[in-house]
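The values are calculated or read from the model by the stated rules, or taken from the named source; none is laboratory data. It should be emphasised that the depicted structure is a prediction, and the values quoted were computed from it without experimental measurement. Don't worry about glycine lacking a Cβ; one is built from the backbone with ideal geometry, like all the others, and counts go over all protein chains shown. In case anyone asks, the SASA skips ligands and DNA or RNA and just uses the protein heavy atoms, side chains included. Shrake-Rupley method; radii C 1.70, N 1.55, O 1.52, S 1.80 Å.
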Amino acid sequence: SRSDDFTVAMETVTAWAWGPLSFLTFLAFLRHHPARYILQLIVSLGQLYGDVLYFATEARAGWSHSDPRPFYFWGYFVGLNGLWVLVPGALLLDACYQLAVAQRSHDRPHHKAH
């Protein structure tokens with residue numbers, strides 16, 4: 001089915017791109033590499049994009065792959081899957097903040113000592 005094709009395609013991207021890129025981001029933070037927040041931004045944005053597509057696909061399918069009982073739907077499906085929206089969302093905001101601070105510092109006029 002089309003949703004199965006979508007899931008396979010998304011998980012292929014996750015396995016071959018986001019997984020290794022996440023590990024590279026981890027190494028960049030360990031080494032304080034200058035690109036660490038750029039990598040954090042890319043990985044977080046990619047994760048959020050996948051999450052939005054996941055929820056949108058499920059909504060279009062009428063939530064047919066989730067348990068309709070309120071505890072399971074809201075607690076398990078929305079709550080636990082929602083963590084995959086909140087964590088990358090927070091990391092995306094952090095990356096934007098850190099990059100803005102760095103850019104502000106870079107844009108500040110530098111005075112030469114005489």
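So here's what we get for this one:
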| quantity | calculated |
| --- | --- |
| In sequence order, calculated HN-Hα J values of the range 12-19 (Karplus, 6.51, -1.76, 1.60; Hz; x Gly/Pro) | 5, 4, 4, 5, 8, 10, 5, x |
| Backbone HN-Hα couplings from phi across the range 81-98 [Karplus 6.51/-1.76/1.60, Hz, Gly and Pro as x] | 5, x, 4, 6, 9, 5, 5, x, x, 5, 5, 5, 4, 4, 4, 4, 4, 4 |
| Shape call, the range 42-93: gyration tensor on alpha carbons, a/c limit 1.5 | oblate |
| Stretch gain in nm, segment residue 86-residue 17, where the contour uses 0.36 nm per residue and the Cα spacing is subtracted | 22.8 nm |
| Residues of the chain: accessible area per residue with a 1.4 Å probe, Å² | 77 Å² |
| Heavy atoms of residue 26 accessible to a 1.4 Å probe, total area in Å² rounded to 10 | 110 Å² |
| The chain, relative contact order in percent, only Cα pairs under 8 angstrom and at least six apart counted | 30 percent |
| Within the chain, longest stretch free of exposed trypsin sites (Lys or Arg not before Pro) [DSSP loop, at most 16 other beta carbons within 10 Å] | 32-111 |
| Vicinal HN-Hα couplings computed from phi for the range 52-62 (Karplus, 6.51 cos²θ - 1.76 cosθ + 1.60; Hz; Gly/Pro x) | 4, 5, 4, 5, 5, 5, 5, 5, 5, 7, x |
